[in-house]
Amino acid sequence: MRCVIFDLDGTLTQSDEGIFKSIVYAAEKLGFAAPDPADRRKFVGPPLDYSFREYLGMSEDEARKAVAAYRERYWETGLFENRVYPGIRRLLRMLKRRGDWVAIATGKPTIPSRRIIEHFGLNRYFDRIIGSQEAMGATKQDLIRAALPDQYDKAVMVGDRRFDIEGAHAAGIRAVGVGYGYGDEEEFRKAGCEAYAATVDDLIALLCPGDPVPAGAFISMEGLDGSGKSTQMERLTDALGRWGFEVQLSREPGGSTTGERIREILLNKDDPMEPLTEALLFAASRSEHVRTVIRPATAAGKVLLSDRFVDSSAAYQGGGRELGVSHVMEINREAVDGCLPLLTVYLDISHTEALKRRYHATAPDRLERESDAFHARVEAAYHELIRNDPARFLCVNARQSVDVLADEIARGVIDRLIREEERA
Ligand code: TYD
């Protein structure tokens, strides 16, 4: 069995924001001078009391008090001011598929380390998580030894600071230094790591050469014009990025080169158009989108997040234009080709409320200028779609504040994505 032992901060997660803010909190509380923000990177990785003594010139006693004050904020808040490096989820899924023993050896106390891993839904990827609590005052070498199983063939430590490299060598295993964390190349050169990975992609190539990429997922967002979709698309992209999902944004009509040209025809304010022609053009744009954008992105492990998909056609052309929901779905069958979203977020708002919000819109497009009755039919059609396939939809009340709504959407989508990873 091969073992891969990871450091946490600066290797799996980018954690300087929460760490630095908690140091500033401790400085304010105890009245010592906070470090220069330009130096914040060097506080990530080494044991905190070491950093306080080494970089801020504290005595042992002062450092102990500073660590206690730091923890007051860090354990509550700082812990979650954190993000998983893009690509790490992909790497962990690939290591799991190989059957490797995967563990964490971190100088951080065990409880917050476990909480971070659970928070990001990554616990299933680790056979063991060793933090500094198991053995007080433990050196990195002790932590690495404790993270290893009794028997193994090969083992490697992956870390971003020289402490990781030196610890690995002292524990008798090889080390890979990563360049995207908080260390620098000079540090690695001195410590003499066996391999160096500048990016997570390099690390994947090193640890899982030639392995197929695990599939990503397709998520769409729907709602009436004025439901606040653009803002929520942005917020969701941000949240997914924090969790380490590699997001690719797209939209309909459009998304592909040809699709964007079809979009210009569809949203042109002056051209009247037959409802069937309109439905076919949306379907044509979709056919291109599915084949040239959505499928390649999910095959590359990305989360493809599309602003609108086939439900928009069912609602606007099926309901709004009265072609009928099932007729429009039939028109779209070949275009969609079975590529339905894993989850569709629906921003639920009544057509009257949406109209009020749109009232301030400066340049409404051809579809936005449709009558109120049109939008009432669009709304009714969306509700019919949700009733017919409730498991695919995450229907959220779009009248809530932007922040509350963004949290609810992020939670729903991330839970679904994590469940999908577990199923795979
Ligand atoms: P767009 O500017 O992308 O959406 P929004 O203003 O909601 O951000 O506008 C696309 C318009 O096209 C929108 O009014 C909905 C409509 N539409 C359809 O009628 N059918 C479809 O299949 C799609 C994808 C969009």
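Every number here is computed from the coordinates shown, using simple stated rules; none is lab data. Because the structure is a prediction, the values reported are computed rather than measured. With ideal geometry, Cβ positions are generated from the backbone for all residues, glycine too; neighbour counts draw on all protein chains shown.
Taking 7 Å steps out from each Cα toward its Cβ at residue 237 and residue 260 produces label points 1.4 nm apart. Restricting the trypsin sites (Lys or Arg not before Pro) of region 261-367 to loop positions (DSSP other than H, G, I, E, B) with no more than 16 neighbouring Cβ atoms within 10 Å leaves 269, 366. Note: relative contact order over the chain, using C-alpha pairs below 8 Å and six or more positions apart, is 15 percent. So which GluC sites (Glu not before Pro) in region 166-249 are both in a DSSP loop and have at most 16 other Cβ atoms within 10 Å of their Cβ? Sites meeting the loop and neighbour criteria: 194. Let's test the formula: R0 of 60 Å, r as the Cβ-Cβ distance of residue 369 and residue 153. What FRET efficiency results, to the nearest 0.05? Once rounded, the FRET efficiency stands at 0.30. Classify region 217-423: rounded, prolate or oblate, from the alpha-carbon gyration tensor (a ≥ b ≥ c, eigenvalue square roots; a/c under 1.5 rounded; otherwise prolate if a/b is larger than b/c)? Cα axes put region 217-423 in the oblate bin. In terms of surrounding Cβ atoms within a 10 Å radius of their Cβ, 276, 224, 79 rank from fewest to most as 276, 79, 224. Farthest towards the positive end of the charge dipole of the chain, among the residues 418, 14, 133, is the Cα of 133, using unit charges on the Cβ of Lys, Arg, Asp and Glu. Here the contact order of region 303-409, divided by its residue count and restricted to Cα pairs under 8 Å and six or more residues apart, works out to 36 percent. Residue 139 sits among other residues whose Cβ lies under 12 Å from its own Cβ, and their net charge, with Lys and Arg +1 and Asp and Glu -1, is -1.
Averaging the Cα positions of each part gives two centres, and for region 211-235 and region 1-76 these lie 36 Å apart. Measuring nothing but how far apart in sequence close Cα pairs (under 8 Å, 6+ apart) lie, relative to its length, region 133-210 scores a relative contact order of 24 percent. List the aspartates and glutamates whose Cα sits under 18 Å from the Cα of residue 21, skipping any in the same chain fewer than 8 residues away. Correct list for residue 21: 9, 36, 39, 49, 72, 76, 81. Rounded to the nearest 10 degrees, the inclination of helix 16-30 to the longest alpha-carbon principal axis of the chain is 60 degrees. Here the dipole of the chain is about 680 debye; that uses its Cα centre as origin and unit charges on the Cβ of Lys and Arg (positive) and Asp and Glu (negative). Here's the picture: a label point sits 7 Å out from the Cα of residue 280 along the beta-carbon direction, and within region 297-314 the residues with their amide nitrogen under 19 Å of it are 313-314. For the chain, the longest principal axis of the C-alpha atoms and the axis of helix 88-98 are separated by about 80°. Helix 275-289 and the long axis of the chain differ in direction by around 20°, with both axes built from C-alpha atoms.
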